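Right, one structure below, let's go through it.
The values are calculated or read from the model by the stated rules, or taken from the named source; none is laboratory data. Treat the numbers as computed from the prediction; the structure is a model and nothing was measured. Cβ: placed from backbone, ideal geometry, glycine included. Neighbour counts: every protein chain shown. Accessible surface is based on the protein model in full, side chains and every heavy atom, while ligands, DNA and RNA are left aside. Shrake-Rupley method; radii C 1.70, N 1.55, O 1.52, S 1.80 Å.
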Amino acid sequence: MTRRWLAALLLVALAAAPAIAHEHGRIYLGASQAAPGDSLALRGEKLSKATTFRVVLRGPLASYPLGEVTTDRAGAFQSTLRLPAEARAGAYTVVLLAPDGDVSARADLALTAAEPPAGAPAAGAPAAVAAEHAAHAPAVAAPHATAQPMALPVHAGPGEWAVIALVTLACLGAGARLLRPARR
Amino acid sequence: MAPTANRVPYMLGGLTFFGILLLIVTGVLLDQFYNPAPLGAHDSVVYIVTRVPLGWWLRALHYWGASIVLVTVFLHLCWVFARRSYRPPREVQWWSGVLLLLLLFAFAFTGTVLRGDQEGGEALAHAVAGGTLLGPLGAPASPDFAPSTSLLARVHNAHVGLLPLLLVALVALHFWLVRWLGIHTAEARTSTFAQHLRRLGGTALLLYGALAILAAVAPPHLGYPAVEGVEVTKPFWPFLWIYTFENSLGMVGMIVAPLVVFGALAVVPLVDRRDDAAGGRPRWVVAAGVAFLLLFLGTLLYGAIAPQMAHLGM
(Lines give C-alpha, C1' and ligand atoms only; values in the text may rest on other atoms or scores of the structure.)
Protein backbone atom coordinates (compact mmCIF):
# COMPACT_ATOMS: atom_id res chain seq x y z
CA MET A 1 0.00 0.00 0.00
CA THR A 2 2.79 2.39 1.00
CA ARG A 3 4.60 1.60 -2.25
CA ARG A 4 1.49 2.51 -4.23
CA TRP A 5 1.26 5.86 -2.46
CA LEU A 6 4.95 6.52 -3.06
CA ALA A 7 4.55 5.62 -6.74
CA ALA A 8 1.55 7.98 -7.01
CA LEU A 9 3.50 10.79 -5.35
CA LEU A 10 6.41 10.18 -7.71
CA LEU A 11 4.06 10.38 -10.69
CA VAL A 12 2.65 13.70 -9.46
CA ALA A 13 6.15 15.05 -8.91
CA LEU A 14 7.24 13.89 -12.37
CA ALA A 15 4.17 15.47 -13.95
CA ALA A 16 5.00 18.78 -12.30
CA ALA A 17 8.72 18.55 -12.91
CA PRO A 18 8.73 20.18 -16.39
CA ALA A 19 8.00 23.49 -14.73
CA ILE A 20 11.35 23.45 -12.98
CA ALA A 21 13.37 21.26 -15.31
CA HIS A 22 15.47 22.63 -18.20
CA GLU A 23 16.50 25.66 -16.18
CA HIS A 24 20.25 25.38 -16.55
CA GLY A 25 21.09 28.56 -18.45
CA ARG A 26 21.89 32.04 -17.20
CA ILE A 27 20.68 35.41 -18.43
CA TYR A 28 21.92 38.81 -17.31
CA LEU A 29 19.98 42.04 -17.78
CA GLY A 30 21.60 45.37 -18.57
CA ALA A 31 19.58 46.87 -15.70
CA SER A 32 17.45 45.48 -12.89
CA GLN A 33 15.00 48.39 -13.25
CA ALA A 34 13.57 49.87 -16.42
CA ALA A 35 10.65 51.84 -17.77
CA PRO A 36 8.02 50.57 -20.18
CA GLY A 37 9.13 51.31 -23.72
CA ASP A 38 12.85 51.27 -22.80
CA SER A 39 15.44 49.12 -24.53
CA LEU A 40 16.82 46.31 -22.41
CA ALA A 41 20.25 44.76 -22.96
CA LEU A 42 20.20 41.01 -22.47
CA ARG A 43 23.07 38.54 -22.31
CA GLY A 44 22.84 34.78 -21.91
CA GLU A 45 25.19 31.84 -21.42
CA LYS A 46 25.26 28.12 -20.61
CA LEU A 47 22.21 27.60 -22.83
CA SER A 48 21.52 24.99 -25.50
CA LYS A 49 23.81 25.60 -28.47
CA ALA A 50 22.55 27.15 -31.72
CA THR A 51 18.98 27.32 -30.47
CA THR A 52 16.33 30.00 -30.86
CA PHE A 53 14.64 31.02 -27.61
CA ARG A 54 11.56 33.17 -27.07
CA VAL A 55 11.99 35.96 -24.53
CA VAL A 56 8.93 36.79 -22.44
CA LEU A 57 8.33 39.44 -19.79
CA ARG A 58 6.18 37.72 -17.23
CA GLY A 59 4.12 38.99 -14.29
CA PRO A 60 1.36 37.20 -12.38
CA LEU A 61 -1.35 39.13 -14.21
CA ALA A 62 0.18 39.74 -17.61
CA SER A 63 2.89 38.41 -19.91
CA TYR A 64 4.44 40.17 -22.91
CA PRO A 65 6.50 38.61 -25.71
CA LEU A 66 9.75 40.56 -26.08
CA GLY A 67 11.14 38.78 -29.12
CA GLU A 68 13.54 35.96 -29.96
CA VAL A 69 17.26 35.36 -29.47
CA THR A 70 19.50 32.70 -30.97
CA THR A 71 22.50 31.23 -29.17
CA ASP A 72 25.86 30.64 -30.81
CA ARG A 73 27.90 27.44 -30.82
CA ALA A 74 28.97 28.13 -27.23
CA GLY A 75 25.39 28.44 -26.02
CA ALA A 76 25.63 32.21 -25.48
CA PHE A 77 23.89 35.25 -26.96
CA GLN A 78 23.77 39.00 -26.63
CA SER A 79 20.80 41.12 -27.67
CA THR A 80 18.79 44.26 -27.04
CA LEU A 81 15.02 44.09 -26.75
CA ARG A 82 12.36 46.74 -26.31
CA LEU A 83 10.05 46.58 -23.29
CA PRO A 84 6.32 46.95 -24.02
CA ALA A 85 5.04 50.48 -23.54
CA GLU A 86 1.67 49.22 -22.27
CA ALA A 87 3.13 47.18 -19.37
CA ARG A 88 2.13 48.35 -15.91
CA ALA A 89 4.68 49.04 -13.20
CA GLY A 90 5.59 46.20 -10.87
CA ALA A 91 7.78 43.16 -10.36
CA TYR A 92 8.35 41.03 -13.46
CA THR A 93 10.51 38.15 -14.58
CA VAL A 94 12.26 37.97 -17.92
CA VAL A 95 12.11 34.33 -18.98
CA LEU A 96 13.82 32.51 -21.80
CA LEU A 97 11.60 29.83 -23.33
CA ALA A 98 13.11 26.88 -25.17
CA PRO A 99 11.45 25.72 -28.43
CA ASP A 100 9.47 23.13 -26.43
CA GLY A 101 8.08 25.88 -24.18
CA ASP A 102 10.16 25.11 -21.09
CA VAL A 103 11.83 27.89 -19.12
CA SER A 104 15.59 27.77 -19.75
CA ALA A 105 16.64 30.82 -17.73
CA ARG A 106 15.14 33.77 -15.92
CA ALA A 107 16.02 37.11 -14.35
CA ASP A 108 14.03 39.59 -12.26
CA LEU A 109 13.15 43.00 -13.63
CA ALA A 110 11.29 45.89 -11.96
CA LEU A 111 9.25 48.21 -14.12
CA THR A 112 9.22 51.47 -12.26
CA ALA A 113 8.82 54.56 -14.38
CA ALA A 114 5.73 56.44 -15.45
CA GLU A 115 3.37 54.85 -17.90
CA PRO A 116 -0.29 55.22 -18.88
CA PRO A 117 -2.47 56.11 -15.88
CA ALA A 118 -3.61 53.28 -13.63
CA GLY A 119 -6.91 52.11 -14.96
CA ALA A 120 -6.23 53.00 -18.55
CA PRO A 121 -8.22 50.57 -20.65
CA ALA A 122 -6.46 48.04 -22.83
CA ALA A 123 -6.20 48.50 -26.54
CA GLY A 124 -9.41 47.33 -28.13
CA ALA A 125 -11.52 47.97 -25.04
CA PRO A 126 -14.95 49.43 -25.74
CA ALA A 127 -14.92 53.20 -26.17
CA ALA A 128 -17.46 53.49 -23.38
CA VAL A 129 -15.01 51.83 -20.98
CA ALA A 130 -12.25 54.18 -22.06
CA ALA A 131 -14.49 57.15 -21.36
CA GLU A 132 -15.46 55.66 -18.00
CA HIS A 133 -11.82 55.27 -17.04
CA ALA A 134 -10.92 58.75 -18.21
CA ALA A 135 -13.68 60.19 -16.07
CA HIS A 136 -12.90 58.26 -12.92
CA ALA A 137 -9.20 57.47 -13.02
CA PRO A 138 -7.14 59.01 -10.21
CA ALA A 139 -5.70 62.43 -10.99
CA VAL A 140 -2.10 61.22 -11.10
CA ALA A 141 -0.27 60.17 -14.22
CA ALA A 142 1.99 57.56 -12.66
CA PRO A 143 0.47 54.23 -11.62
CA HIS A 144 0.10 53.65 -7.93
CA ALA A 145 -1.23 50.78 -5.88
CA THR A 146 -4.19 51.63 -3.72
CA ALA A 147 -6.74 49.74 -1.66
CA GLN A 148 -9.29 52.47 -2.37
CA PRO A 149 -12.31 51.46 -4.46
CA MET A 150 -13.03 53.06 -7.82
CA ALA A 151 -15.89 55.54 -7.81
CA LEU A 152 -17.83 53.92 -10.62
CA PRO A 153 -21.18 55.45 -11.54
CA VAL A 154 -24.06 53.01 -11.56
CA HIS A 155 -26.68 54.16 -14.03
CA ALA A 156 -29.74 52.25 -12.86
CA GLY A 157 -32.78 53.57 -14.64
CA PRO A 158 -36.40 53.24 -13.48
CA GLY A 159 -36.75 50.09 -15.59
CA GLU A 160 -33.87 48.40 -13.81
CA TRP A 161 -35.17 49.35 -10.39
CA ALA A 162 -38.58 48.03 -11.40
CA VAL A 163 -37.04 44.68 -12.37
CA ILE A 164 -35.14 44.51 -9.07
CA ALA A 165 -38.30 45.34 -7.10
CA LEU A 166 -40.29 42.78 -9.06
CA VAL A 167 -37.74 40.00 -8.53
CA THR A 168 -37.40 40.84 -4.84
CA LEU A 169 -41.14 40.91 -4.24
CA ALA A 170 -41.65 37.72 -6.24
CA CYS A 171 -39.03 35.89 -4.16
CA LEU A 172 -40.35 37.16 -0.84
CA GLY A 173 -43.97 36.55 -1.81
CA ALA A 174 -43.40 33.05 -3.16
CA GLY A 175 -41.20 32.19 -0.18
CA ALA A 176 -43.82 33.35 2.33
CA ARG A 177 -46.52 31.46 0.45
CA LEU A 178 -44.51 28.23 0.49
CA LEU A 179 -43.84 28.56 4.20
CA ARG A 180 -47.47 29.18 5.05
CA PRO A 181 -48.92 26.13 6.84
CA ALA A 182 -50.91 23.95 4.46
CA ARG A 183 -54.71 23.99 4.87
CA ARG A 184 -56.17 20.80 6.27
CA MET B 1 -38.52 12.10 6.16
CA ALA B 2 -38.23 13.01 9.81
CA PRO B 3 -40.12 16.28 10.57
CA THR B 4 -36.92 17.54 12.23
CA ALA B 5 -35.47 17.94 8.73
CA ASN B 6 -37.81 20.91 8.24
CA ARG B 7 -36.13 22.92 11.00
CA VAL B 8 -33.74 25.64 9.85
CA PRO B 9 -30.55 24.13 11.39
CA TYR B 10 -31.19 20.95 9.39
CA MET B 11 -31.81 22.96 6.22
CA LEU B 12 -28.45 24.77 6.23
CA GLY B 13 -26.96 22.30 3.77
CA GLY B 14 -29.98 22.65 1.47
CA LEU B 15 -29.83 26.46 1.74
CA THR B 16 -26.15 26.29 0.77
CA PHE B 17 -27.19 24.32 -2.29
CA PHE B 18 -29.79 26.92 -3.26
CA GLY B 19 -27.12 29.59 -2.76
CA ILE B 20 -24.84 27.69 -5.13
CA LEU B 21 -27.66 27.60 -7.71
CA LEU B 22 -27.91 31.39 -7.50
CA LEU B 23 -24.13 31.65 -7.95
CA ILE B 24 -24.28 29.43 -11.04
CA VAL B 25 -27.04 31.51 -12.67
CA THR B 26 -25.44 34.90 -11.89
CA GLY B 27 -21.99 33.52 -12.75
CA VAL B 28 -23.09 32.30 -16.19
CA LEU B 29 -24.64 35.72 -16.92
CA LEU B 30 -21.56 37.63 -15.73
CA ASP B 31 -19.27 35.37 -17.73
CA GLN B 32 -20.97 36.48 -20.98
CA PHE B 33 -19.31 39.88 -20.51
CA TYR B 34 -16.10 38.92 -18.70
CA ASN B 35 -12.78 38.99 -20.53
CA PRO B 36 -10.12 36.71 -18.96
CA ALA B 37 -7.24 38.38 -20.84
CA PRO B 38 -4.87 39.96 -18.30
CA LEU B 39 -5.08 43.40 -19.89
CA GLY B 40 -8.81 43.27 -20.42
CA ALA B 41 -10.14 41.62 -17.26
CA HIS B 42 -10.50 44.71 -15.12
CA ASP B 43 -11.93 46.72 -17.98
CA SER B 44 -14.57 44.07 -18.58
CA VAL B 45 -15.61 44.19 -14.91
CA VAL B 46 -15.89 47.98 -15.19
CA TYR B 47 -18.00 47.42 -18.30
CA ILE B 48 -20.26 44.96 -16.44
CA VAL B 49 -20.77 47.39 -13.57
CA THR B 50 -21.30 50.52 -15.62
CA ARG B 51 -22.76 49.45 -18.97
CA VAL B 52 -24.47 46.07 -18.81
CA PRO B 53 -28.15 46.43 -17.89
CA LEU B 54 -28.44 45.22 -14.27
CA GLY B 55 -24.78 44.16 -14.48
CA TRP B 56 -23.89 45.91 -11.20
CA TRP B 57 -26.77 44.11 -9.47
CA LEU B 58 -25.88 40.71 -10.92
CA ARG B 59 -22.30 41.17 -9.75
CA ALA B 60 -23.55 42.24 -6.31
CA LEU B 61 -25.82 39.18 -6.14
CA HIS B 62 -22.85 36.99 -7.06
CA TYR B 63 -20.67 38.62 -4.40
CA TRP B 64 -23.23 38.52 -1.59
CA GLY B 65 -24.38 35.06 -2.69
CA ALA B 66 -20.82 33.79 -2.31
CA SER B 67 -20.58 35.35 1.15
CA ILE B 68 -23.90 33.85 2.28
CA VAL B 69 -22.98 30.42 0.91
CA LEU B 70 -19.76 30.46 2.93
CA VAL B 71 -21.70 31.46 6.06
CA THR B 72 -24.40 28.80 5.62
CA VAL B 73 -21.87 26.06 4.85
CA PHE B 74 -19.86 27.05 7.93
CA LEU B 75 -22.98 26.98 10.12
CA HIS B 76 -23.93 23.63 8.55
CA LEU B 77 -20.50 22.28 9.49
CA CYS B 78 -20.84 23.55 13.08
CA TRP B 79 -24.31 22.00 13.39
CA VAL B 80 -23.15 18.65 12.04
CA PHE B 81 -20.22 18.74 14.47
CA ALA B 82 -22.49 19.64 17.39
CA ARG B 83 -24.86 16.81 16.46
CA ARG B 84 -21.96 14.36 16.01
CA SER B 85 -23.39 13.44 12.63
CA TYR B 86 -19.94 12.48 11.37
CA ARG B 87 -19.84 9.17 13.24
CA PRO B 88 -20.23 5.82 11.48
CA PRO B 89 -21.81 5.28 9.04
CA ARG B 90 -21.59 8.97 8.02
CA GLU B 91 -17.81 9.46 7.84
CA VAL B 92 -17.76 9.68 4.04
CA GLN B 93 -20.58 12.22 4.17
CA TRP B 94 -18.47 14.35 6.55
CA TRP B 95 -15.38 14.02 4.39
CA SER B 96 -17.28 14.95 1.24
CA GLY B 97 -18.59 17.97 3.16
CA VAL B 98 -15.07 18.99 4.17
CA LEU B 99 -13.99 18.70 0.53
CA LEU B 100 -16.98 20.80 -0.51
CA LEU B 101 -15.97 23.47 2.00
CA LEU B 102 -12.45 23.44 0.57
CA LEU B 103 -13.92 23.71 -2.92
CA LEU B 104 -16.08 26.69 -1.97
CA PHE B 105 -12.98 28.44 -0.61
CA ALA B 106 -11.27 27.71 -3.93
CA PHE B 107 -14.24 29.28 -5.75
CA ALA B 108 -14.05 32.34 -3.52
CA PHE B 109 -10.31 32.67 -4.10
CA THR B 110 -10.41 32.29 -7.88
CA GLY B 111 -13.40 34.64 -8.03
CA THR B 112 -11.41 37.31 -6.18
CA VAL B 113 -8.53 36.98 -8.62
CA LEU B 114 -10.79 37.38 -11.66
CA ARG B 115 -11.63 40.98 -10.73
CA GLY B 116 -8.14 42.01 -11.83
CA ASP B 117 -8.10 44.84 -9.31
CA GLN B 118 -5.43 45.40 -6.68
CA GLU B 119 -6.96 42.86 -4.28
CA GLY B 120 -7.25 40.30 -7.07
CA GLY B 121 -3.70 40.92 -8.26
CA GLU B 122 -2.34 40.48 -4.75
CA ALA B 123 -4.35 37.29 -4.29
CA LEU B 124 -2.83 35.92 -7.48
CA ALA B 125 0.67 36.94 -6.41
CA HIS B 126 0.06 35.05 -3.14
CA ALA B 127 -1.00 31.97 -5.10
CA VAL B 128 2.20 32.14 -7.15
CA ALA B 129 4.31 32.57 -4.01
CA GLY B 130 2.44 29.73 -2.28
CA GLY B 131 2.99 27.52 -5.30
CA THR B 132 6.71 28.24 -5.15
CA LEU B 133 6.76 27.23 -1.47
CA LEU B 134 5.07 23.95 -2.33
CA GLY B 135 7.73 23.07 -4.89
CA PRO B 136 6.72 20.70 -7.69
CA LEU B 137 3.26 20.24 -6.15
CA GLY B 138 2.64 23.96 -6.50
CA ALA B 139 3.79 24.07 -10.13
CA PRO B 140 0.27 24.66 -11.53
CA ALA B 141 0.23 28.01 -9.71
CA SER B 142 3.30 29.11 -11.61
CA PRO B 143 3.01 31.26 -14.76
CA ASP B 144 5.66 28.92 -16.24
CA PHE B 145 3.34 25.91 -16.01
CA ALA B 146 1.57 26.80 -19.25
CA PRO B 147 3.62 29.42 -21.13
CA SER B 148 1.09 29.52 -23.97
CA THR B 149 -1.52 31.27 -21.84
CA SER B 150 -1.78 33.63 -18.88
CA LEU B 151 -2.21 32.57 -15.29
CA LEU B 152 -5.35 34.71 -15.08
CA ALA B 153 -6.90 32.80 -17.98
CA ARG B 154 -6.13 29.52 -16.21
CA VAL B 155 -7.67 30.83 -12.98
CA HIS B 156 -10.77 31.75 -14.99
CA ASN B 157 -10.77 28.27 -16.49
CA ALA B 158 -10.64 26.78 -12.99
CA HIS B 159 -13.44 29.05 -11.73
CA VAL B 160 -15.87 28.27 -14.55
CA GLY B 161 -14.75 24.79 -15.63
CA LEU B 162 -12.66 22.61 -13.37
CA LEU B 163 -14.07 23.64 -9.98
CA PRO B 164 -17.75 23.39 -11.08
CA LEU B 165 -17.08 19.86 -12.36
CA LEU B 166 -15.65 18.86 -9.00
CA LEU B 167 -18.52 20.63 -7.25
CA VAL B 168 -21.17 18.73 -9.19
CA ALA B 169 -19.46 15.41 -8.45
CA LEU B 170 -19.10 16.13 -4.73
CA VAL B 171 -22.60 17.55 -4.31
CA ALA B 172 -23.99 14.47 -6.06
CA LEU B 173 -22.07 12.20 -3.69
CA HIS B 174 -23.13 14.26 -0.65
CA PHE B 175 -26.81 14.21 -1.65
CA TRP B 176 -26.73 10.53 -2.51
CA LEU B 177 -25.33 9.78 0.96
CA VAL B 178 -28.01 11.94 2.60
CA ARG B 179 -30.67 10.03 0.69
CA TRP B 180 -29.11 6.66 1.46
CA LEU B 181 -28.40 7.23 5.15
CA GLY B 182 -31.14 9.76 5.94
CA ILE B 183 -30.65 12.62 8.37
CA HIS B 184 -29.15 11.92 11.77
CA THR B 185 -32.16 11.63 14.05
CA ALA B 186 -34.05 8.89 15.83
CA GLU B 187 -37.37 10.52 14.95
CA ALA B 188 -39.90 8.55 12.89
CA ARG B 189 -40.16 9.43 9.19
CA THR B 190 -43.64 10.97 9.23
CA SER B 191 -42.98 13.85 6.82
CA THR B 192 -42.64 13.65 3.03
CA PHE B 193 -39.84 14.90 0.79
CA ALA B 194 -42.36 17.20 -0.92
CA GLN B 195 -43.11 18.84 2.43
CA HIS B 196 -39.38 19.22 3.09
CA LEU B 197 -38.80 20.72 -0.35
CA ARG B 198 -41.65 23.16 0.25
CA ARG B 199 -40.10 24.38 3.52
CA LEU B 200 -36.61 24.47 2.06
CA GLY B 201 -37.71 26.20 -1.15
CA GLY B 202 -39.71 28.76 0.82
CA THR B 203 -36.79 29.56 3.09
CA ALA B 204 -34.42 29.74 0.09
CA LEU B 205 -36.76 32.16 -1.70
CA LEU B 206 -36.86 34.40 1.38
CA LEU B 207 -33.05 34.27 1.38
CA TYR B 208 -33.00 35.19 -2.32
CA GLY B 209 -35.29 38.14 -1.57
CA ALA B 210 -33.02 39.31 1.23
CA LEU B 211 -29.98 38.91 -1.05
CA ALA B 212 -31.71 40.89 -3.81
CA ILE B 213 -32.25 43.79 -1.38
CA LEU B 214 -28.71 43.54 0.00
CA ALA B 215 -27.24 43.53 -3.52
CA ALA B 216 -29.28 46.59 -4.46
CA VAL B 217 -28.39 48.68 -1.41
CA ALA B 218 -24.77 47.53 -0.89
CA PRO B 219 -23.08 46.60 -4.17
CA PRO B 220 -19.47 45.47 -3.65
CA HIS B 221 -16.67 47.84 -4.57
CA LEU B 222 -14.13 47.34 -7.33
CA GLY B 223 -10.53 48.43 -6.80
CA TYR B 224 -8.22 50.07 -9.30
CA PRO B 225 -6.31 47.82 -11.72
CA ALA B 226 -3.62 45.78 -10.01
CA VAL B 227 -0.10 47.12 -9.75
CA GLU B 228 2.16 44.11 -9.54
CA GLY B 229 4.76 43.59 -6.84
CA VAL B 230 2.89 45.73 -4.29
CA GLU B 231 0.72 44.75 -1.30
CA VAL B 232 -1.73 47.32 0.00
CA THR B 233 -4.99 45.38 0.45
CA LYS B 234 -6.46 42.71 2.68
CA PRO B 235 -8.08 39.57 1.26
CA PHE B 236 -11.79 38.79 0.80
CA TRP B 237 -13.24 38.40 4.31
CA PRO B 238 -13.46 34.54 4.35
CA PHE B 239 -9.66 34.47 4.03
CA LEU B 240 -8.92 36.87 6.88
CA TRP B 241 -8.10 34.00 9.26
CA ILE B 242 -5.34 32.90 6.87
CA TYR B 243 -4.21 36.53 6.65
CA THR B 244 -3.79 36.56 10.45
CA PHE B 245 -1.52 33.52 10.31
CA GLU B 246 0.43 35.12 7.48
CA ASN B 247 0.92 38.20 9.67
CA SER B 248 2.55 36.09 12.36
CA LEU B 249 4.21 33.25 10.41
CA GLY B 250 4.93 34.88 7.07
CA MET B 251 4.10 33.20 3.78
CA VAL B 252 4.41 29.77 5.42
CA GLY B 253 1.29 30.63 7.44
CA MET B 254 -0.69 30.72 4.22
CA ILE B 255 0.15 27.04 3.66
CA VAL B 256 0.20 25.80 7.25
CA ALA B 257 -3.07 27.34 8.51
CA PRO B 258 -5.38 25.77 5.89
CA LEU B 259 -3.50 22.46 6.16
CA VAL B 260 -4.02 22.39 9.94
CA VAL B 261 -7.68 23.46 9.75
CA PHE B 262 -8.74 21.10 6.98
CA GLY B 263 -6.53 18.32 8.36
CA ALA B 264 -8.19 18.68 11.77
CA LEU B 265 -11.64 18.60 10.18
CA ALA B 266 -10.71 15.49 8.23
CA VAL B 267 -9.66 13.50 11.31
CA VAL B 268 -12.78 14.34 13.36
CA PRO B 269 -14.63 11.10 12.44
CA LEU B 270 -11.50 9.10 13.25
CA VAL B 271 -10.96 10.49 16.75
CA ASP B 272 -14.59 10.55 17.92
CA ARG B 273 -16.17 7.16 17.30
CA ARG B 274 -17.65 6.49 20.72
CA ASP B 275 -21.38 5.59 20.82
CA ASP B 276 -23.88 7.69 22.73
CA ALA B 277 -24.58 4.59 24.83
CA ALA B 278 -20.91 4.43 25.82
CA GLY B 279 -20.87 7.90 27.35
CA GLY B 280 -21.14 10.11 24.27
CA ARG B 281 -18.52 12.44 22.95
CA PRO B 282 -15.20 12.57 24.85
CA ARG B 283 -14.81 15.88 26.67
CA TRP B 284 -11.53 16.66 24.99
CA VAL B 285 -13.24 16.56 21.59
CA VAL B 286 -15.81 19.10 22.83
CA ALA B 287 -13.02 21.28 24.24
CA ALA B 288 -11.01 20.99 21.03
CA GLY B 289 -14.07 21.86 18.94
CA VAL B 290 -14.88 24.94 21.02
CA ALA B 291 -11.22 26.05 21.07
CA PHE B 292 -11.06 25.56 17.32
CA LEU B 293 -14.17 27.64 16.74
CA LEU B 294 -12.97 30.44 19.02
CA LEU B 295 -9.55 30.43 17.35
CA PHE B 296 -11.14 30.57 13.91
CA LEU B 297 -13.51 33.41 14.78
CA GLY B 298 -10.76 35.21 16.72
CA THR B 299 -8.28 35.09 13.84
CA LEU B 300 -11.03 36.16 11.41
CA LEU B 301 -11.82 39.18 13.60
CA TYR B 302 -8.16 39.99 14.18
CA GLY B 303 -7.52 39.84 10.44
CA ALA B 304 -10.32 42.36 9.93
CA ILE B 305 -9.03 44.90 12.45
CA ALA B 306 -5.25 44.33 12.15
CA PRO B 307 -3.30 46.90 10.13
CA GLN B 308 -2.52 45.94 6.56
CA MET B 309 0.78 44.09 6.16
CA ALA B 310 2.91 42.91 3.26
CA HIS B 311 3.76 39.20 3.19
CA LEU B 312 5.32 38.47 -0.17
CA GLY B 313 9.01 37.82 0.30
CA MET B 314 8.63 37.21 4.06
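Whole number in Å², please: accessible area per residue of the protein assembly as shown, 1.4 Å probe, ligands, DNA and RNA not counted.
Numbers: 24440 Å² over 498 residues.
Normalised by residue count, the accessible surface of the protein assembly as shown is 49 Å².
A:E45 versus B:R274, label points 7 Å from Cα toward the beta carbon: distance in nm? Spacing of the two 7 Å Cα→Cβ label points: 6.9 nm. Modelled label positions at A:H155 and A:A176, each set 7 Å beyond Cα in the direction of Cβ, lie 3.6 nm from each other. What would the Debye equation give as log₁₀ I(q)/I(0) for the protein assembly as shown at q = 0.06, 0.10 Å⁻¹, counting only Cα atoms as equal point scatterers? Normalising to I(0) and taking log10 leaves -0.34, -0.89.
Rolling a 1.4 angstrom probe over the protein assembly as shown with all protein chains present gives an accessible area of which 68% lies on carbon and sulfur atoms. Taking the alpha carbon gyration tensor of chain B, multiplying each eigenvalue by 5 and rooting it gives semi-axes of 34, 25, 17 Å, largest first.
If R₀ is 41 angstrom, what is the calculated FRET efficiency for the pair A:A162 and B:W237, using the beta carbon separation as r and rounding to 0.05? Once the sixth-power term is evaluated, E becomes 0.80. Inter-chain Cβ neighbour count for B:118-128, averaged per residue, equals 3 (cutoff 10 Å, partner chain atoms only).
Summed over both chains, the contact between B and A buries some 5000 Å² of accessible surface at a probe radius of 1.4 Å. Taking 0.36 nm per residue of separation and subtracting the current Cα-Cα distance, fully stretching the chain between B:Q195 and B:R281 would add 27.7 nm.
Estimated at 0.36 nm per residue, the fully extended path between B:T185 and B:L312 surpasses their Cα-Cα distance by 40.9 nm. Measuring spread by the Cα atoms of the range A:21-111 yields a radius of gyration and Dmax of 12.2, 36 Å. In this structure, A:T52 and B:T132 have a Cβ-Cβ separation that, at R0 = 35 Å, corresponds to a calculated FRET efficiency of about 0.80.
Look at the stretch B:131-137: the mean tally of other chain Cβ atoms within 10 Å of its residues' Cβ atoms is 3. Sequentially through the range B:220-230, phi angles give Karplus couplings (6.51, -1.76, 1.60; θ = phi - 60°) of x, 7, 10, x, 6, x, 5, 9, 6, x, 10 Hz, Gly and Pro residues having no value and appearing as x. In order along the range B:92-104, the phi-based Karplus estimate (6.51 cos²θ - 1.76 cosθ + 1.60, θ = phi - 60°) of 3J(HN,Hα) comes to 5, 4, 4, 5, 5, x, 4, 5, 5, 4, 4, 5, 5 Hz; Gly and Pro are listed as x. Computed from phi, the 3J(HN,Hα) profile of the range A:41-49 under the Karplus parametrisation 6.51, -1.76, 1.60 (θ = phi - 60°) reads 6, 9, 10, x, 8, 6, 9, 4, 6 Hz, with x in place of Gly and Pro.
Full extension of the chain segment joining A:Q78 with A:D38 gains 12.7 nm, where the gain is 0.36 nm per residue of separation less the Cα-Cα distance. Binning all Cα-Cα separations of the range B:140-206 at 10 Å, short to long from zero, yields these whole-percent fractions: 16, 26, 24, 15, 14, 4.
Modelled label positions at B:V25 and B:C78, each set 7 Å beyond Cα in the direction of Cβ, lie 2.8 nm from each other. In plain terms, if you count all Cα to Cα distances in the range B:1-155 and split them into 5 Å steps from zero, the share in each step is 2, 8, 14, 17, 15, 13, 13, 9, 5, 3, 1, 0 percent.
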